[in-house]
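Inspection log for the structure reproduced underneath, given as C-alpha cells.
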Amino acid sequence: MRIGILGTGTLAAALGEGWARAGHELAVAGRSPAKAQELADRLERRARALTPRQAVVDRDAVLLAVSWQGAEDMLRSAGAADGSLEGTALIDPTNAVEHGVGVVLTGPGEAMAQRIARLSPGAHVVKAFHLFPSDHWTRSRAGGEDPVTVAMCGDDPHALHVVGELVRDLGAAPAVLGSLDRVRQLEEVAGFAIGLAFAGTDPNSAIPRLPPAAAA
C-alpha cells in the first residue's frame, strides 16, 4: 500500500518501521522538514519525506500520528479542509486525555475521532492504535505469544478492511467495535487504562478474561 504518515514522533516511527518491513511505500511529513527527513532516512528506501499536503495525495491510508492538541494544525497543513483526504482511510491513534489522570478532555458526548472527521470532509476516519504504547510495536515478542487485539471504530467498510490489513502486518489482530457512533466508548477505554497505569495498577488485571462466547 501507499501510506502517508503525518508526524515524526515515536508512534510514527514504530508503526512506520513495521509497515516498511511489510513492504509498504511510505511518505513522511511533520512540522519539521528536518525531522521528517530523519525519519524517512531511518525507514530507508521504503520512505521519503514530503510536505504534509504531498504526503496525503493518492494514499491508501494516512496515519495522523501527532498529539491530539496538534491534530487540527497538522490537518490544516495537509489541506484536509479542502478535501485532500477525501476517500482515504485516515487512522486516528490520538488520546485526548489528561496526562497522568486519563480523563477524556473532549466535550460531553464528543469523541476526538469525530472531531477529526469534521476537520477532514470526505475522509474515512478509523480509530485505531491508541491503546498500546509505541514501544509495544518495536519490542521482540516471545514465540507462541498470542497477538494483541487492536480495537477499531469506523464508518466505512473498505477503510476498516485497509486498516485491518495494516494491523495484521504488525502481527496484531483487528477487531471492529462499531461505527464512529461508538468511538467515544473506545476512547474512554484508553482513559481508563491510562488512569490505572499511572496509579500503579496493571490495566490488564482489571479486565476479566472472558471467552468470546460469554459476550453472546
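The values are calculated or read from the model by the stated rules, or taken from the named source; none is laboratory data. It should be emphasised that the depicted structure is a prediction, and the values quoted were computed from it without experimental measurement. Positions of Cβ are generated from backbone atoms using ideal geometry, with glycine treated the same way; all protein chains shown enter the neighbour counts. Just the protein is used for accessible areas: all its heavy atoms, side chains included, with ligands, DNA and RNA removed. Shrake-Rupley method; radii C 1.70, N 1.55, O 1.52, S 1.80 Å.
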Original post:
In segment 173-213, what residues are more than 21 Å from Trp137 (Cβ to Cβ) and not in a helix (DSSP H, G or I)?
Top reply: Gly178, Ser179, Ala199, Gly200, Thr201, Pro208, Arg209, Leu210, Pro211
**OP:** Residues being of a type outside the set (Gly, Ala, Ser) and open to solvent by less than 20 Å² (accessible area, probe 1.4 Å): count how many of those fall in segment 74-103.
**Re:** 9
Subject >> Complete set of residues in segment 154-172 that are under 16 Å from Thr138 (Cα atoms) and either open to solvent by 40 Å² or more (accessible area, probe 1.4 Å) or not in a helix (DSSP H, G or I) (or both) >> reply: Arg168, Asp169, Leu170, Gly171, Ala172
**OP:** May I ask you to verify whether His136 is part of a helix (DSSP H, G or I), open to solvent by 60 Å² or more (accessible area, probe 1.4 Å), within 22 Å of Gly18 (Cβ to Cβ) and not hydroxyl-bearing (Ser, Thr, Tyr)?
**Re:** no
Original post:
On the given criteria, is Arg53 farther than 27 Å from Ser179 by Cβ and surrounded by fewer than 20 Cβ atoms within 10 Å (Cβ to Cβ)?
Top reply: yes
Original post:
Between residues in segment 175-201 that are touching a residue at least 24 places away in the same chain (Cβ under 8 Å) and residues that are acidic (Asp, Glu), which pairs lie under 6 Å by C-beta distance while being six or more apart or on different chains?
Top reply: Ser179/Asp155; Leu180/Asp155
**OP:** Give just the number: which of (1) within 24 Å of Ala173 (Cα to Cα); (2) open to solvent by less than 70 Å² (accessible area, probe 1.4 Å); (3) in a loop (DSSP other than H, G, I, E, B) does Val126 not satisfy?
**Re:** (3)
**OP:** Would you point out which residue out of Ala117, Ala65 is farther than 19 Å from Ser134 by Cα, at pLDDT 95 or above and among the hydrophobic types (A, V, I, L, M, F, W, C)?
**Re:** Ala117
Original post:
Before we move on, is Glu44 acidic (Asp, Glu), free of Cβ contacts under 8 Å to residues at least 60 places away in the same chain and under 26 Å from Arg168 (Cβ atoms)?
Top reply: yes
Subject >> Residues located in segment 195-216, provided they are out of contact with any helix residue (DSSP H, G or I) (no Cβ under 6 Å at 6 or more places or on another chain) and open to solvent by less than 40 Å² (accessible area, probe 1.4 Å) >> reply: Gly195
**OP:** Please specify each residue of segment 104-116 satisfying the condition of being more than 22 Å from Gly7 (Cβ to Cβ), of a type outside the set (Asp, Glu) and open to solvent by less than 40 Å² (accessible area, probe 1.4 Å).
**Re:** Gly107
Original post:
Looking only at helices (runs of 4 or more DSSP H) that fall completely inside segment 16-114, which ones have 3 or more residues that are among the hydrophobic types (A, V, I, L, M, F, W, C)?
Top reply: 33-43, 71-77
**OP:** Residue by residue through segment 1-45, note down the ones that are in contact with an Asp or Glu (Cβ under 6 Å, 6 or more places away or on another chain) and farther than 22 Å from Thr94 by Cα.
**Re:** Met1, Ala22
